[in-house]
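Student: Before I ask anything, here is the structure I am working with.
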Amino acid sequence: HFDLSISTLNLSQGTMTDNRLQQLLSNVPEESIILLEDIDAATVGRHYEKEDNIRFQGMKPLTLSGLLNSLDGVISTEGRIIFMTTNYIDRLDPALIRPGRVDFKQYIGPLTADQTERMLVRFYPHLTRDEMNEFLKQIEQLTDNYS
């Protein structure tokens, strides 16, 4: 729709540090969308096994300060749009989602049956009506526990 490239960054991976994030964000094309999925996991609980694992020796984990500084640098670059996803907005530090850093918040709840069907048609246009109905039936059964 926007005709922009999309860059996805996994901030919760064990090798993400302040410097690495800064480097990755500086290499994102200017006219692009940056997707930061599960932003709530970026700096929480990241001290796991690093002290005991040789792969992580000498590395300092991603910090909230490093994340904020990196985002501020990206935000100041024209033409970039940042999307952050979370299932736990209440776990986010207020500094991360303050006005100026986050201009728009949108709650996206579970898909309705109609939305599910439209997505199915869009991504799998070759399905027959019977295949689509079977798929939708299975989705409904799987999601009954989550509503």
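Student: Please count how many residues of the range 88-113 are at pLDDT 90 or above, exposed (fewer than 10 other Cβ atoms within 10 Å of the Cβ) and over 27 Å from Glu31 (Cα atoms).
Tutor: Here the count works out to 2.
Student: If you take the residues of the range 1-59 that are of a type in the set (Asp, Glu) and at pLDDT 75 or above, which of them is surrounded by the fewest Cβ atoms within 10 Å (Cβ to Cβ)?
Tutor: Of everything passing the filter in the range 1-59, Asp3 is surrounded by the fewest Cβ atoms within 10 Å (Cβ to Cβ).
The values are calculated or read from the model by the stated rules, or taken from the named source; none is laboratory data. All of these numbers come straight from a predicted model, not from anything done at the bench. We place every Cβ from the backbone using ideal geometry, glycine too, and count neighbours over all the protein chains shown.
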